[in-house]
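What follows is a set of notes on a single structure, which appears directly below.
What follows is calculated from the coordinates using simple rules that are stated; it is not laboratory data. Computed from a prediction, not measured in an experiment: that's the story for all the values here. Cβ coordinates were reconstructed from backbone atoms using ideal geometry, including for glycine residues, and neighbour counts include every protein chain displayed.
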Ligand code: KIV
């Protein structure tokens, strides 16, 4: 990493490596976002912006761009770690990424996704794992999938803010038999509404609604006092969340109907790396300007030493 190295030749006497550490993160907006602040945004009718992020550099950019909530999603299993679904990622891996995100973020609410298996046993295990995300990684809330009302109540009792997640819950992919839009029948949409109300009553601070018809998300959003954050759930939710790699064309897969691609980072990165490779292959990198040099006095003395040793030879 070059951040600690000087950007130009040091003054005489300052050789060789007296760099500055990376500047501390700064955010465009400085008021820290909390779970109650998100709820206030719902009351005021202000759309909540949310995005996933998984590492220091990208979280810092997302935070500086003014996004309100950053989810360290278990989608990292797929987009960062290359798994076929989200099931394989472990608590320790999620903690590792959450720590990196937390170091970068100054303003956004940092929510850690509880991975598959970390809250599917006893309530005590679920609470203990959630405590790890807060204590060891600095998460400010955790997200759990499904209508786990007792767990949400237990986490709330343990002072841990919780985001619920209903509709298409990717950790249920084996049971669902694929990623399918949910709540499309009267029976299932009624169940989803009841689940959302129950999670809110148990203390959930917000609910992600994923892969449900727009009409269902709109009805749930109107009924709940806590915010809904939609992904593939239409425009009537209180906020929207997308996966960082989806909006930047970094997933190497066709994207879902609800994804809007805002930039082509794949093309940008590939182009930059190809250019770098060509420059090295053609000895166009580094140039003399990109090299460090001896101070003049040392260089002169070294040259003199060569002349003398040549003469003596
Ligand atoms: O893991 C994730 O990225 C998520 C979002 C899709 C909401 O859960």
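Annotations for the structure displayed:
- Between residue 57 and residue 127, the C-beta separation translates, for a Förster distance of 41 Å, into a calculated FRET efficiency of about 0.80.
- Rounded to the nearest 10 degrees, the angle from helix 123-137 to the longest Cα principal axis of the chain is 30 degrees.
- Multiplying the residue separation of residue 120 and residue 81 by 0.36 nm and subtracting their alpha-carbon distance yields 11.8 nm.
- Ranking of 122, 90, 31 by count of other Cβ atoms within 10 Å, fewest first: 31, 122, 90
- Exposure proxy for 80, 306: other Cβ atoms within 10 Å of each Cβ, ordered fewest to most, give 306, 80.
- Using alpha-carbon coordinates, inclination of helix 186-202 to the longest axis of the chain, degrees: 70 degrees
- C-alpha center-to-center spacing [the stretch 171-217, the stretch 220-235] in angstrom: 10 Å
- The simple spin-label model puts a point 7 Å past each Cα toward its Cβ; for residue 261 and residue 288 those points are separated by 4.4 nm.
- Measuring nothing but how far apart in sequence close Cα pairs (under 8 Å, 6+ apart) lie, relative to its length, the chain scores a relative contact order of 14 percent.
- Helix 35-44 vs. the chain, principal-axis angle (Cα, 0 to 90°, nearest 10): 70 degrees
- Residue-span extension gain [residue 302 to residue 187] - 0.36 nm each, minus C-alpha spacing: 32.9 nm
- Relative compactness, the stretch 123-210, computed as alpha-carbon Rg over 2.2 N^0.38 Å: 1.12
- Of the peptides 233-243, 200-210, the ranking by mean beta-carbon count within 10 Å, highest at the top, reads 200-210, 233-243.
- Convex hull volume per residue for the chain, taking Cα atoms only, in Å³: 180 Å³
- Length added when fully stretched, residue 106-residue 172, from 0.36 nm per residue minus Cα-Cα: 20.5 nm
- Mean Cβ neighbour count within 10 Å, used as a protection proxy, ranking 54-60, 111-117 highest first: 111-117, 54-60
- Label separation (residue 31 vs residue 252): 4.3 nm, computed from points 7 Å beyond Cα along the C-beta direction.
- Ranking of 143, 184 by neighbouring Cβ atoms within 10 Å, starting from the fewest: 184, 143.
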